[in-house]
Amino acid sequence: MSILDIFVANIHFIGAMIIFVIGLYMVIAHPNLFKRIIGINVMSSAVFYFFVAIGAIADGRVPIVDGTLTPADYINPVPSALILTGIVISVSFTVYALSLAIKIHQSYGTLDQEKIVEMSTRDDSYD
Amino acid sequence: MNNRLLHTIVKMLLPVIIVYGIFIVLHGHLTPGGGFSGGAILGTALVLYGLAFGQDASLKIFPESVSKYLESGGVLAIVVIGLVGLFVGGYFLSNAATGVPLGTPGDLLSGGIIPLLMIAIGLKVGSTLMTLFNALLEDE
Amino acid sequence: MTSLAIIQLVLFLLVALFSPFLTPPKRNQWLLLLVLIVNTGISAVLLLHIESSGPITLLLGGHQRGLGIELLIDAFSVLFTLFLGALGSVVQIYALGFMKTHIPKTQHTAYSGLMAILFFAIFGLLYTNDLFNTYVLIEILSIATVALISIVRKKRNFMAALRYLLISELASLSVLFGIALIYMVTGTLNMTLIYEAMPRAFANYPINVTLALGFMGMGLAIKTAIFPFHEWLPDAYTSAPSSSSAILSALVSKAYMVVLIKILFRVFGSAIIEQLGAQWVMITLAAVAMIVGSLFALGQTSFKRMLAYSSVAQVGYLLLALSLLSRAGLEAMLFYMISHALIKGTLFLVAGSFSTQHIKDSLKALSGVAYVAPFTALVLGVGAFGMVGIPGTSGFIAKFHLAMALGDASRWGFVALIMLSSILNAIYFFPVIINSIVKQTGTVPLKRDHLPISMVLSMSVLLIAIVTLGFSPSLVLPYIEAAVTAIGF
């Protein structure tokens, strides 16, 4: 198999990896907290894409058993079902992170992490 | 918030969205989708109403106390169904042993406890989305 | 009888469900305490049951193995639910008194609900034998943890919470990626089935398995704050209210450690880890963490921050024991985990007691504190002795076992490293103790501690536990041996 064939055969996995790295870059490189939350979302989409692609087959059918097709014709429904759970978690993460970001913006007036770290004077009084 | 076009279109869309959400929830054991997807659609309908008519109006038709009960109630229903399975069938969430008829595959009334679980999840997810929406809007 | 583990999980869930409806919120705290004690009792019963009649496998929904979620209740998981449940009960007793002054009234309901969800996730993580379920519970645990940090509505808490949330979501996604890679080559999510299929999968798809180990290892390294990934830990531990810090350091990080052990030995197996040379990565990180964590702790001026950095160093000890990949190493690690959870939990509770008595959380403010709060200072002294590893505390036994295990593997260099790190521990803990005894200001008569009875009670229990384990470790050692056997050594 030539390199191109391998590339085409694994296009979903390679694509997921690329999206993952884009998300990771956003999380690491951006000082803006909102963009980092979005970056995490991009990363989770990449992982979900990867997971769902495991169960996909070319020209696969929706896995509804009606007696006319053999199991080899169906897409594996397990990854899709699992990723539904993953999406739920991702939604709750996003909402929670955004609500924290709103609170931070209300108290600091900015979402730039470097500025916030600069602003928060390190005092020793902790509860 | 006094946009006639927006209000009219939302009023036209809402019944369709809600019926579609209920459809997805009820067909959870037959087709792709189910409690979470359907619940999310129902929640979206409420969020859309809130966006178009303002938070006060949406809180009037769907107050926070209601969503509090629905949220806890949805999970409670799943736990209770699971425990019934545990005590009757020996396994948490066991299906056929609970006595709910399984029906013929493909019918709306089939699948034993699965439709019940889907309805519980749908209520939970729909109300949770509304709670999250309200939580994001609240300002302290 | 066998389904008692399900009842434990359901009880925690019910506390969380009913918490918004119980008024006054005080009842929630008592309900949670009651459930914690009941669940600890159930774990004890399960432990005795397993001792006589072997591990229990629970299939949810009655689906066959591999199709549904499976819970594995064996000597290993039950030992830790028993220990963490008991420790959680003690911290909850402390919280009964601590909450009044440190957590805003409006948040009391949320506190008990979140704690119930946190314990639900911890117990679930210990019991589950399913990889995807592990991921879901990790997420539940991290969101509950973050909520516990942001429960005090201050600027600093929001920032610490969001940073922890972002980094822990990164870690969870990394774990999920690893799970996806494993599912790709084994076609199952059940840990036992994966373990059986792993040698063949590794022979056919070595890249997938290596990447999976890397992603899952990195995710859990962030969660357990192994050295280069520890950035979130000091802020999270210090800005959380002290009872939450105790829960974070004593329970949550130990739960993630247990997950790491399960993933390494129940999913991959020590043969593959050895073949990939992952133990050398662990040894390197452990050695660096032990020294650098202690050095960071030396430079702190805040007591809680010092404790937090000392946790970074302690994770290094655990990782060092883990990297031996041997029976002796794992036994030493489990004992160390129990000992460290007790001691570090106690020290965070001490920090909370100081702040309840309006003593500032700085090392300077602690001078002469033994005359203002003698009991708290006593607990502080014993806890600090435990961290350093003075004989008579569980910390000594833990370090001794670790050194013995390293000696068995003839890694004498690392025994010397433990000595060095212990000396560093002594350098930053002893001044605190000495300062607290040496009175520096005027002649103040000896005062009594002004602490609620529940806080004194829970700290006494922990004090007794540390000293008891220091004199008779044989109380827990047989159970640890059984647990290590259950892991598969």
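Taken together, the values in this text are just the output of simple stated rules run on the coordinates, not laboratory data. On a predicted model such as this, the values are computed, not experimentally measured, just so you know. Note: ideal-geometry Cβ built from the backbone for every residue, glycine included; neighbour counts use all protein chains shown.
What residues have an amide H closer than 5 Å to that of A:TYR74, excluding those fewer than 5 places away on the same chain, when H is modeled at 1.01 Å from N in the peptide plane?
Placed amide hydrogens put A:ARG61 under 5 Å from A:TYR74.
Mind pulling the angle between the C-alpha long axis of helix C:453-471 and the longest principal axis of chain C? Nearest 10 degrees, somewhere in 0 to 90.
60
With N set to the residue count of the range A:3-111, report its C-alpha Rg divided by 2.2 N^0.38 Å to two decimal places.
My calculation over the Cα atoms of the range A:3-111 gives 1.41.
Over what distance in Å are the Cα centres of the range B:8-38 and the range C:409-432 separated?
Comparing the Cα centres of the range B:8-38 and the range C:409-432, I get a distance of 63 Å.
For the range C:9-91, state which chymotrypsin sites (Phe, Trp or Tyr not before Pro) are in a DSSP loop and have at most 16 other beta carbons lying within 10 Å of their beta carbon.
Of the chymotrypsin sites (Phe, Trp or Tyr not before Pro), the ones in loops of the range C:9-91 whose Cβ has at most 16 other Cβ atoms within 10 Å are C:PHE21.
Which percent of Cα pairs goes in each bin when the distances of the range B:4-137 are cut into 10 angstrom slices starting at zero?
13, 35, 30, 15, 5, 1
May I ask you to evaluate 6.51 cos²θ - 1.76 cosθ + 1.60, the Karplus curve with θ = phi - 60°, for each residue of the range A:59-65 and list the ³J(HN,Hα) values in order in whole Hz, giving x for glycine and proline?
Couplings: 6, x, 9, 5, x, 10, 6 Hz.
Taking every pair of distinct Cα atoms and averaging 1/r, then inverting, what Kirkwood hydrodynamic radius in Å comes out for the range C:342-446?
14.9
Tell me which chymotrypsin sites (Phe, Trp or Tyr not before Pro) from the range B:73-140 have a DSSP coil assignment and no more than 15 other beta carbons within 10 Å of their own.
Answer in residue order: no site qualifies.
I want the local charge near A:PHE48. Using Cβ-Cβ distances under 15 Å, sum +1 for each Lys or Arg and -1 for each Asp or Glu among the other residues.
-2
With θ set to phi - 60°, apply the Karplus curve 6.51 cos²θ - 1.76 cosθ + 1.60 along the range B:20-32 and write out the HN-Hα couplings as whole Hz, x wherever there is a Gly or Pro.
5, x, 4, 4, 4, 5, 5, 9, x, 8, 10, 10, x
Based on the Cα gyration tensor of the range C:185-243, what are the three equivalent ellipsoid semi-axes, each the root of five times an eigenvalue, rounded to whole Å and given largest first?
Largest first, the range C:185-243 gives 35, 13, 6 Å.
Output the Kirkwood hydrodynamic radius of chain C, Cα pairs only, in Å rounded to one decimal.
Value: 22.6 Å, from the Cα pair sum.
Once the other residues with Cβ under 12 Å from the Cβ of C:PHE489 are scored (Lys, Arg +1; Asp, Glu -1), what is the net sum?
0
Would you compute, from DSSP H runs of 4+ residues alone, the mean residue ellipticity of chain B at 222 nm, taking -39500 (n - 2.57) per run and dividing by the full residue count, rounded to the nearest 500?
-24500 deg cm²/dmol
Which whole-angstrom value gives the distance between the alpha carbon centres of the range C:3-67 and the range A:1-68?
Spelled out, the Cα-based centre of one part sits 37 Å from the other.
What order do you get for B:SER67, C:SER460, C:SER52, C:SER310 when you list them from fewest to most C-beta neighbours inside 10 Å?
Least to most surrounded, the residues fall as C:SER52, C:SER460, B:SER67, C:SER310.
Around A:ASN32, which amide H atoms from residues at least 5 apart in sequence, or from another chain, sit under 5 Å from its own amide H, with H modelled in the peptide plane?
For A:ASN32, whose amide H was placed from the backbone, the distant partners under 5 Å are A:GLN113.
Pairs of alpha-carbon atoms within less than 8 angstrom and 6+ residues apart define the contacts here; what relative contact order does the range C:1-94 have, in percent?
31
Where does the longest stretch of chain C lie that holds no trypsin sites (Lys or Arg not before Pro) found in a DSSP loop with 14 or fewer other Cβ atoms within 10 Å?
The longest uninterrupted stretch comes out as C:155-446.
Using the Karplus curve 6.51 cos²θ - 1.76 cosθ + 1.60 with θ = phi - 60°, work out ³J(HN,Hα) for each residue of the range B:85-97 in order, rounded to whole Hz, and write x for Gly and Pro.
x, 5, 7, 8, x, x, 10, 4, 6, 5, 9, 4, 5
Could you work out the equivalent-ellipsoid semi-axes for the range C:286-489, taking the square root of 5 times each eigenvalue of the Cα gyration tensor, largest first, in whole Å?
They are 32, 19, 12 Å, listed from largest to smallest.
Take every Cα pair under 8 Å in the range C:283-367 that's 6+ residues apart, average their separations, divide by the length, and report that relative contact order as a whole percent.
Rounded, it is 30 percent for the range C:283-367.
Under the rule a/c < 1.5 gives rounded, and otherwise a/b versus b/c splits prolate from oblate, where does the range C:129-177 land using the Cα gyration tensor?
The shape class here is oblate.
Using 20 Å bins from zero, what percent of all Cα-Cα pairs in the protein assembly as shown falls into each bin?
16, 50, 29, 4, 0
To test your reading of the geometry: what angle, between 0 and 90 degrees and rounded to tens, separates the Cα axis of helix C:206-224 from the longest principal axis of chain C?
20
What value, in deg cm²/dmol to 500, does the helix sum -39500 (n - 2.57) over DSSP H runs of n ≥ 4 give at 222 nm once divided by the residues of chain A?
Rounded to the nearest 500, it is -23500 deg cm²/dmol.
When only Cα pairs under 8 Å and 6 or more residues apart are kept, what is the percent relative contact order across the range B:3-140?
31
Find, among the trypsin sites (Lys or Arg not before Pro) in the range A:40-125, those assigned to loop by DSSP (not H, G, I, E, B) with at most 10 other beta-carbon atoms within 10 angstrom.
Passing both the DSSP loop test and the Cβ count: A:ARG122.
Once the other residues with Cβ under 12 Å from the Cβ of B:GLU71 are scored (Lys, Arg +1; Asp, Glu -1), what is the net sum?
+1
Helix C:4-18 versus the longest principal axis of chain C: what is the Cα-based angle in degrees, 0 to 90, to the nearest 10?
50
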